[in-house]
Amino acid sequence: MIRKIFAVFCLVLIAVMGFSSQSRAELDLTVKKATIRKIPIAITNFNPQLPQHQKIATEMPDIIRSNLGSSGLFEPVSQQSFIQTPQSIATDGVRFPEWRAINAEVLVTGSVSTSPDGKTRVEFRLWDVVGQTQMAGMAYTTTPQNWRRIAHIISDEIYKRLTGEDAYFDTRIVYVAESGPANKRTKRLAIMDQDGYNNHYLTDGSYMVLTPRFSPNTQTVAYLAYYNKKPRVYIYNIDTGRQEVLGDFPGMTFAPRFSPDGSKVIMSLAENGNTEIYTMDLKSRRTQRLTNNAAIDTAPSFSPDGQQVAFESDRGGTQQLYVMSANGGEAKRISFGEGRYASPVWSPRGDLIAFTKLYKGQFYIGVMRPDGQGERIITTAYHVEGPSWSPNGRVLTFFKESPMSGGGKTARLYTIDITGYNERLLKTPSDGSDPAWSPLNP
């Protein structure tokens with residue numbers, strides 16, 4: 001039953017992503033959205049073994065509801081309509097007719113207790129209400145301080161079991177936290193869970209940072225920093241707080257990204273008025289130049305198999321997107337619509353490239369296939385930029401700048417499904433820009 005529901009969603013997604021028979025020069029800039037039939041899911045509070053477990057037993061299901069609800073694929077059933085209590089489920093088992101009566105198709109139950117070693121033990125079960133069967137059940141032990149992450153892990157398990165796809169809730173987002181007046185912005189590295197919680201700062205704001213990007217191991221970030229007024233690419237270790245400059249180049253290095261295996265960083269080097277793309281092997285520190293022309297070549301992004309690189313260039317007279325071999329050589333232009341294209345980012349699935357587009361003073365974020373076909377706009381605003389993929393390739397995060405009534409601008413982080421549906425604001429303590437999604441936490 002549940003798989004049939006998700007199959008309908010997949011058909012809707014295919015229809016939305018289908019490309020037009022029009023020529024690519026006649027791109028339709030209408031934001032295309034899907035209508036999705038959400039799965040009604042009831043998530044009970046967990047049953048606490050002892051009074052000290054009550055907080056976790058209540059707040060952990062809240063996080064699971066928020067995660068699944070934010071995906072746009074599920075509709076959490078109101079707790080006010082629940083007939084059966086967590087305590088009666090623990091003693092009597094699930095009474096399926098009572099859950100069908102409130103139109104729930106899926107049910108999540110759980111319990112919180114203390115294991116013999118003193119750690120917190122959390123157990124959850126996933127039920128198919130219509131089929132009256134258990135679909136999944138797992139138990140986790142953790143320190144009391146780590147319960148929020150367990151809620152994300154449980155959310156991932158439920159998402160994977162019901163959709164058949166990898167999930168993204170046990171992840172983090174690194175971004176540039178912005179504060180201060182428009183003519184003197186403080187920009188520092190910040191990191192948070194994908195739902196906006198556990199926000200903390202990695203740099204102190206004494207120098208400006210831009211374009212942070214995660215490595216595949218999730219504990220290392222590459223970024224551009226204006227340290228001692230010199231723009232350079234740096235590597236930051238989240239575990240140790242140590243940062244180091246990536247090479248001593250004579251010109252400005254910027255726009256860094258890691259290779260899929262984490263062994264290299266690809267970036268741009270501007271020297272004597274010319275900007276080219278280079279890779280650096282992180283072990284040997286050897287560099288390889290991939291482009292060689294008088295144009296501005298920048299914003300490189302590896303394909304997930306590491307065999308190709310997408311980048312932006314004005315070599316054809318306007319800012320457009322290109323794809324070349326990861327070893328350099330001839331590049332093929334893939335963007336042909338009206339306007340300027342920038343910031344290509346390859347999906348972890350390898351099937352799409354996200355991009356930013358500027359046309360007639362309006363900004364857009366869209367996706368296209370790696371051969372340039374199937375171009376589709378998913379969101380637009382006064383200024384939207386910096387798309388970054390969730391690790392399952394289903395959701396994008398980006399930032400949006402909006403003008404303020406009294407002058408100046410505000411910058412906030414958002415997420416959106418690749419269907420153009422379910423755009424959501426990510427809550428941050430201050431303005432934010434340049435978000436980058438981590439892989440799943442190990």
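The values are calculated or read from the model by the stated rules, or taken from the named source; none is laboratory data. These figures come from a predicted structure and were not determined experimentally. Virtual Cβ from ideal backbone geometry, glycine too; neighbours counted across all protein chains shown. Accessible surface areas use protein heavy atoms only, side chains included; no ligands, DNA or RNA. Shrake-Rupley method; radii C 1.70, N 1.55, O 1.52, S 1.80 Å.
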Exercise. Could you list log10 I(q)/I(0) for the range 39-163 at q = 0.16 Å⁻¹, which the Debye formula gives when each Cα is one point scatterer?
Worked result: -0.72
Seminar exercise, completed: If the chain between Lys119 and Gln219 were fully extended at 0.36 nm per residue, the gain over the current Cα-Cα distance would be 33.4 nm
Seminar exercise, completed: Quick calc, the chain, dipole around Cα centre from Cβ unit charges on Lys, Arg (+) and Asp, Glu (-), nearest 20 debye, gives 400
Exercise. Looking at the square roots a ≥ b ≥ c of the eigenvalues of the Cα gyration tensor of the range 347-403, which shape do they give, rounded for a/c under 1.5, prolate if a/b is larger than b/c, or oblate?
Worked result: oblate
Exercise. Cα-Cα pairs above 19 Å in the range 360-442: how many percent?
Worked result: 41
Exercise. Taking the Cα atoms only, what angle lies between the long axis of helix 147-163 and the longest principal axis of the chain, rounded to 10 degrees?
Worked result: 90
Problem set entry | Distant-in-sequence amide H partners of Phe74 (H built 1.01 Å from N, under 5 Å) | Ile39
For this session: May I ask you to work out the translational diffusion coefficient for the range 252-310 at 25 °C, viscosity 0.890 mPa s, via Stokes-Einstein with Rh from the Kirkwood sum over Cα pairs, reported in whole µm²/s?
Result: 213
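For the chain, what does the helix formula give at 222 nm: sum of -39500 (n - 2.57) over DSSP H segments with n ≥ 4, over the residue count, nearest 500 deg cm²/dmol?
Taking each H run of at least 4 residues, the total per residue is -4500 deg cm²/dmol.
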Exercise. Among the aspartates and glutamates, which fall within straight-line cross-link reach of Lys400, defined as a Cα-Cα distance under 14 Å, with same-chain neighbours fewer than 8 residues apart omitted?
Worked result: Glu178, Glu385, Glu423, Asp431, Asp434
Seminar exercise, completed: Farthest towards the positive end of the dipole of the range 171-440, among Gln288, Val323, Thr410 and with Cβ unit charges of +1 on Lys and Arg and -1 on Asp and Glu, lies the Cα of Thr410
Exercise. In the chain, carbon and sulfur make up what percent of the accessible area (probe 1.4 Å)?
Worked result: 49
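If Lys and Arg each add +1 and Asp and Glu each add -1, what is the summed charge of the other residues whose beta carbon sits under 11 Å from the beta carbon of Gly350?
Residues close to Gly350 contribute a combined charge of 0.
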For this session: Please tell me the relative contact order of the chain in percent, rounded to the nearest whole number, where contacts are Cα pairs under 8 Å and at least six residues apart.
Result: 13
For this session: Would you work out which of Trp127, Gly205, Trp99 lies farthest towards the positive end of the dipole of the chain, given +1 charges on the beta-carbon of Lys and Arg and -1 on that of Asp and Glu, about the Cα centre?
Result: Gly205
For this session: Provide the per residue accessible area, probe 1.4 Å, for the chain, rounded to a whole number of square angstrom.
Result: 44
Problem set entry | Within straight-line cross-link reach of Lys332, lysines at Cα separation under 22 Å, skipping those fewer than 8 residues along the same chain | Lys357
Problem set entry | Projected label distance in nm at Arg424 and Ala295, using a 7 Å step from Cα toward the beta-carbon | 3.9
Exercise. Which lysines have a Cα lying under 20 Å from the Cα of Lys160, excluding residues fewer than 8 positions away in the same chain?
Worked result: Lys4, Lys38
Seminar exercise, completed: Expressed in angstrom, Rg and Dmax over the Cα atoms of the chain are 23.5, 76
Exercise. For the range 183-242, what class follows from the C-alpha gyration tensor (a ≥ b ≥ c being the square roots of its eigenvalues): rounded when a/c is under 1.5, otherwise prolate if a/b is larger than b/c, else oblate?
Worked result: oblate
For this session: Could you state the angle between the C-alpha long axis of helix 2-17 and the longest principal axis of the C-alpha atoms of the chain, as a value from 0 to 90 degrees rounded to the nearest 10?
Result: 20
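Using a ≥ b ≥ c from the Cα gyration tensor of the range 295-442 (square roots of the eigenvalues), is it rounded, prolate or oblate, where a/c under 1.5 gives rounded and otherwise the larger of a/b and b/c decides, a/b for prolate?
oblate
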For this session: Working from Cα positions, state the angle (0 to 90°, nearest 10) between the long axis of helix 54-70 and the longest principal axis of the chain.
Result: 50
